[in-house]
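The next block holds one structure in the form of structure tokens; read it before the comments.
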Amino acid sequence: PSVDAPLTFWSLDVRLVPRLKLDLPAFPGTLLRSAFGVALRRSVCTTGAPTCQGCPHVATCAYGYAFETPLAVAVGHPGLGGQSAPHPFVLGLADPTPYRTVEAGAPLDVQLSLIGSGRTFLAPFILALGSLAHSGLGRDRVPVDLVDVTDRATGDRLWDGQERAFVGTPTDRTPATL
């Protein structure tokens, strides 16, 4: 990517609904991000290696790119390296109130932003959120349903959880459109 190119991102709203009462910990965003990382790695890793270091797929794998992208891969300069680039996504709860209980059937709203080349991995990210939902959240592994994903900019539905299908395309945004 060109240094002069505008930063482009997608802002998405993800609705999860717990099937049972879900007690959130002190730092609920950490719980969500950790569970998401595990689900994404399980969904996309083809080598089974314990880490991404030295993996030939790190630049094209959704997990490797999202969590362990070498700086050289992110900026396109092989001479750089060693340190990881910033994560190309932001994931968190819409209401990060700690030690909160979400009743069965009540929405647990999550915000997901995919930044720059991270937008390439929309499908694996959504499928990993579905896997996370199936595996459950929290200490008790409470199962949740991935109900839908909408574009925060337009309100358009992008993912239909009942049909388990993409039904729309996100709108490109830049800092100038905020």
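On inspection, PRO98 passes the criterion of being modelled with pLDDT under 80 and within 21 Å of the chain's Cα centre (by Cα). In the condition set (1) in contact (Cβ under 8 Å) with a residue 12 or more places away in the chain; (2) more than 20 Å from LEU22 (Cβ to Cβ), VAL167 is compliant with all but (1).
So in the stretch 6-37, with the set limited to residues that are aliphatic (A, V, I, L, M) and within 11 Å of the chain's Cα centre (by Cα), which one is nearest to GLN162 (Cα to Cα)? By that ranking, first place goes to VAL14.
Only residues that are part of a loop (DSSP other than H, G, I, E, B), closer than 18 Å to SER113 by Cβ and either within 18 Å of the chain's Cα centre (by Cα) or basic (Lys, Arg) (or both) were counted in the stretch 151-178, giving 7. Within this structure, SER135 fails the test of being touching a residue at least 24 places away in the same chain (Cβ under 8 Å), open to solvent by 20 Å² or more (accessible area, probe 1.4 Å), within 13 Å of the chain's Cα centre (by Cα) and at negative phi.
Going by the conditions given, is THR120 modelled with pLDDT under 95 and either touching a Cys at 6+ places or on another chain (Cβ under 7 Å) or open to solvent by less than 50 Å² (accessible area, probe 1.4 Å) (or both)?
On the way: modelled with pLDDT under 95: yes; either touching a Cys at 6+ places or on another chain (Cβ under 7 Å) or open to solvent by less than 50 Å² (accessible area, probe 1.4 Å) (or both): no.
So THR120 fails the test.
The set of residues in the stretch 102-150 being among the hydrophobic types (A, V, I, L, M, F, W, C) and assigned to a strand (DSSP E or B) consists of VAL102, LEU108, VAL110, LEU112, LEU114, ILE115, LEU137, VAL142, VAL144, LEU146, VAL147, VAL149.
Residue under question is LEU146, and the condition is that it be modelled with pLDDT under 95 and open to solvent by less than 70 Å² (accessible area, probe 1.4 Å); does it hold? For LEU146, the condition - modelled with pLDDT under 95 and open to solvent by less than 70 Å² (accessible area, probe 1.4 Å) - is not met. THR47 passes every criterion in (1) open to solvent by 70 Å² or more (accessible area, probe 1.4 Å); (2) closer than 20 Å to ALA94 by Cβ; (3) polar (S, T, N, Q) apart from (2).
Name the single residue that is farthest from THR60 (Cα to Cα) among those in the stretch 20-41 being touching a helix residue (DSSP H, G or I) at 6+ places or on another chain (Cβ under 9 Å), assigned to a helix (DSSP H, G or I) and open to solvent by less than 40 Å² (accessible area, probe 1.4 Å). Please lay out each step first, then the result.
If we filter the stretch 20-41 for residues that are touching a helix residue (DSSP H, G or I) at 6+ places or on another chain (Cβ under 9 Å), which is where we start, we get 24-25, 32, 35-41.
Cutting the leftovers down to assigned to a helix (DSSP H, G or I) gives us 32, 35-41.
Now drop any that are not open to solvent by less than 40 Å² (accessible area, probe 1.4 Å), which leaves 32, 35-37, 39-40.
On the way: LEU32: 24, ALA35: 21, PHE36: 18, GLY37: 16, ALA39: 17, LEU40: 14 Å.
Per the stated criteria, the residue is LEU32.
The values are calculated or read from the model by the stated rules, or taken from the named source; none is laboratory data. The structure displayed is predicted, hence computed values, not measured ones. Note that we place each Cβ from the backbone using ideal geometry, even for glycine, and neighbour counts take in every protein chain shown. We work out accessible area using only protein heavy atoms, side chains counted, and drop any ligands, DNA or RNA first. Shrake-Rupley method; radii C 1.70, N 1.55, O 1.52, S 1.80 Å.
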